[in-house]
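> Questions regarding the structure given below will be posed in turn.
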Amino acid sequence: MPRDAAGYIRDAYRIDLRARYLGYSIPHPIGKGSGQLSLNADQLETDRAAGLAFVVLKTVIAEDAAGERSMEAWAIHETRMKVEPRASAEDRSGWTVTWKGRGWDRSFEDYLALVRTAADLTRSGALVAVPSVKYHLPRVDEPFRTAEYAHTTARLAGAWGEGPMPLEKDFSPTLAGDRLADERAGILRWLRDVPGEVRRAAGDVPLRLGIKLMNARFDEPFQLEMLAACAAADALVCFNRLWDPALGVAFGGWDLSERNLRVLRAAQERGLRLPPLVGTGNVCSGRVALDYARAGCESVELHTFFQLPLALYSASVGSRTQRALHALFFHPEDGLVAGMLDLEEAEVLHRQDGELRFLDLCRRET
Ligand SMILES: Cc1cc2nc3c(=O)[nH]c(=O)nc-3n(C[C@H](O)[C@H](O)[C@H](O)COP(=O)(O)O)c2cc1C
């Protein structure tokens, strides 16, 4: 694994993997989604050393000045994660992580300390590292708890310090198992109003706001309505995991990427005007990352692929992040390099000034 893999790929193959995430130009499109793999400074350091492009910190549950959290139920402590195979509806075998925990389960002060580290890394150019928050989501007839938005955002901005603060707002996957998530009108209202609530709470602090959309328990046309409702975000992360009502857990695998890609392609076909897109869900190869790119995503954020049994990565040394990146870039059939060369051969992608550019795949009509 070359130390600067993106630089090496550019020199050796004339492939420019540069990508974008929440207004940042990044050397390649692979980042880590929020979750159990971004809980502390050591994990960030490992990811920096491995050459990951960006990391989203675990989602913290918003609180007001008195420490009240309307989404308290999300701050449960659960450590056991099970990485297991999951076959899709069409019997394609993939991987999922079964876990019943939800948001950050330590103190807000601890989270702010992690945000300080993330901000230093981001400013130094070593790794873009971004906080993630779950703010209050009211029922249809309730107002937003603005005190929670204001307090949490101000404290995060204080910890972040200089420069625009990047932030993902999580509409959590397990939310799909919540009664609240059954109300279509309520969901559309959240998506329309939450960006404004967060920006109001930020006041003068310059903010780059990514909205991470869930897979609601409705059909695909409703996913499109959700996308269209969220035009005020600076980026949309599409889409968090599916919900298995029988097992009472969120899940991934091929059902997830296939549904996500169907919805993103439908949005493209309809020419929906959307903020920049980031893909998430079963990115288990460079080729799947390229599928998301062709559906409009300028980068991708992964979780499950960083958790596979070690024997499944072909690299036999390095951190898990490094081994995963190695496969995503260099796998001879499914890697980004192989996939982009195939797209060139198929005349989907054309060289510009002698180079194949990842971002050329993401161009949307609108
Ligand atoms: C164990 C686990 C915990 C997660 N926790 C969060 C979270 O706190 N906030 C969030 O926005 N997404 C969370 N996610 C979702 C991931 O960031 C990612 O978007 C999703 O799993 C789809 O990507 P994947 O198929 O590569 O895992 C979590 C996922 C897993 C598997």
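The values are calculated or read from the model by the stated rules, or taken from the named source; none is laboratory data. What you see is a predicted model; the values in this text were computed from it and never measured. In this analysis, Cβ positions are derived from the backbone assuming ideal geometry, glycine residues included, and neighbour counts consider all displayed protein chains.
> I want to confirm something. Restricting to the range 8-49 and keeping residues that are of a type in the set (Gly, Ala, Ser), surrounded by 16 or more Cβ atoms within 10 Å (Cβ to Cβ) and within 17 Å of residue 110 (Cβ to Cβ), which single residue is nearest to the chain's Cα centre (by Cα)? Walk me through it before giving the result.
Taking the range 8-49 as the starting set, the residues that turn out to be of a type in the set (Gly, Ala, Ser) are 12, 19, 23, 25, 31, 33-35, 38, 41, 49.
Cutting the leftovers down to surrounded by 16 or more Cβ atoms within 10 Å (Cβ to Cβ) gives us 19, 31, 33-35, 38.
Among the residues that remain, those that are also within 17 Å of residue 110 (Cβ to Cβ) are: 34-35, 38.
On the way: 34: 7, 35: 10, 38: 12 Å.
Here the residue is 34.
> Let me ask something else. Within the range 278-292, identify whether any single residue is away from the ligand (no atom under 15 Å from the Cβ) and free of Cβ contacts under 8 Å to residues at least 40 places away in the same chain, and answer yes or no.
For the range 278-292, residues away from the ligand (no atom under 15 Å from the Cβ) and free of Cβ contacts under 8 Å to residues at least 40 places away in the same chain: absent.
> Specify which of the listed residues (58, 100) is touching a strand residue (DSSP E or B) at 6+ places or on another chain (Cβ under 8 Å) and either in a loop (DSSP other than H, G, I, E, B) or of a type in the set (A, V, I, L, M, F, W, C) (or both). Before you say what the answer is, go through the steps one by one.
On the way: 58 fails: either in a loop (DSSP other than H, G, I, E, B) or of a type in the set (A, V, I, L, M, F, W, C) (or both).
Every option except 100 fails the conditions.
> For residues in the range 293-304 being assigned to a helix (DSSP H, G or I) and more than 13 Å from residue 36 (Cα to Cα), which is farthest from the ligand (Cβ to nearest atom)? If you could, list the steps in order and put the result at the bottom.
Kept after step one, since they are assigned to a helix (DSSP H, G or I), are these residues of the range 293-304: 293-294, 304.
After this cut, where a residue has to be more than 13 Å from residue 36 (Cα to Cα) as well, the list is 293-294.
Details: 293: 15, 294: 18 Å.
This residue is 294.
> Would you mind finding the one in 290, 310, 361 that is of a type outside the set (Ser, Thr, Tyr) and over 30 Å from residue 224 (Cβ atoms)?
Matching residue, one of 290, 310, 361: 310.
> Further question on the same structure: Mind listing just one residue for me: the one in the range 97-144 that is among the hydroxyl-bearing types (Ser, Thr, Tyr) and within 15 Å of the ligand (Cβ to nearest atom) and, of those, surrounded by the fewest Cβ atoms within 10 Å (Cβ to Cβ)?
Residues of the range 97-144 among the hydroxyl-bearing types (Ser, Thr, Tyr): 98, 107, 111, 117, 122, 124, 132, 135.
Within this subset, residues satisfying the condition of being within 15 Å of the ligand (Cβ to nearest atom) are 98, 111, 132, 135.
On the way: 98: 16, 111: 24, 132: 25, 135: 26.
Here the answer is 98.
> Considering only the range 66-84, how many residues are in contact (Cβ under 8 Å) with a residue 24 or more places away in the chain, surrounded by fewer than 16 Cβ atoms within 10 Å (Cβ to Cβ) and not in a loop (DSSP other than H, G, I, E, B)?
The total comes to 2.
> From the list 311, 338, 324, pick out the single residue that is more than 16 Å from the ligand (Cβ to nearest atom), aliphatic (A, V, I, L, M), within 19 Å of residue 8 (Cα to Cα) and assigned to a helix (DSSP H, G or I). It would help to see each step written out before you state the result.
Values: 311 fails: within 19 Å of residue 8 (Cα to Cα); 324 fails: more than 16 Å from the ligand (Cβ to nearest atom).
Within the list 311, 338, 324, the selection yields 338.
> Can you confirm whether residue 130 is of a type in the set (A, V, I, L, M, F, W, C) and at pLDDT 95 or above? Walk me through how you get there before you give the answer.
On the way: of a type in the set (A, V, I, L, M, F, W, C): yes; at pLDDT 95 or above: yes.
Yes, satisfied.
> Something else now. Let me spell it out: the conditions are (1) assigned to a loop (DSSP other than H, G, I, E, B); (2) modelled with pLDDT of 95 or more, and residue 63 meets all of them except one. Which number is the exception?
(2)
> Also, quick follow-up: Hey, among the residues in the range 220-246 that are free of Cβ contacts under 8 Å to residues at least 60 places away in the same chain and within 20 Å of residue 74 (Cα to Cα), which one's nearest to the ligand (Cβ to nearest atom)?
For the range 220-246, the residue satisfying everything is 239.
> Something else now. Which members of the range 85-120 meet the condition of being under 30 Å from residue 24 (Cβ atoms), charged (D, E, K, R) and touching a residue at least 12 places away in the same chain (Cβ under 8 Å)?
Applying the first criterion (under 30 Å from residue 24 (Cβ atoms)) to the range 85-120 yields 94-97, 99, 101-120.
Narrowing further to those that are charged (D, E, K, R): 102, 105-106, 109-110, 116, 120.
Hits for the range 85-120 are 102, 105, 116.
> Quick one: which of 201, 147 is surrounded by 23 or more Cβ atoms within 10 Å (Cβ to Cβ) and at negative phi?
Working: 147 fails: surrounded by 23 or more Cβ atoms within 10 Å (Cβ to Cβ).
Of the residues listed, the single one that is surrounded by 23 or more Cβ atoms within 10 Å (Cβ to Cβ) and at negative phi is 201.
> Test of understanding: among 333, 345, which residue is modelled with pLDDT of 95 or more and farther than 26 Å from residue 259 by Cα?
Working: 333 fails: farther than 26 Å from residue 259 by Cα.
Among 333, 345, only 345 is modelled with pLDDT of 95 or more and farther than 26 Å from residue 259 by Cα.
> A further question on this structure: Being more than 9 Å from the ligand (Cβ to nearest atom), small (Gly, Ala, Ser), outside any loop (DSSP other than H, G, I, E, B) and surrounded by 15 or more Cβ atoms within 10 Å (Cβ to Cβ) is the filter here, so list the residues in the range 85-96 that pass it. Let's see the steps before the verdict.
Taking the range 85-96 and keeping what is more than 9 Å from the ligand (Cβ to nearest atom), we get 85-93.
Pick out the ones that are also small (Gly, Ala, Ser) and you get 87-89, 93.
This time we only want the ones that are outside any loop (DSSP other than H, G, I, E, B), so: 87, 93.
Of everything in the range 85-96, nothing turns out to be more than 9 Å from the ligand (Cβ to nearest atom), small (Gly, Ala, Ser), outside any loop (DSSP other than H, G, I, E, B) and surrounded by 15 or more Cβ atoms within 10 Å (Cβ to Cβ).
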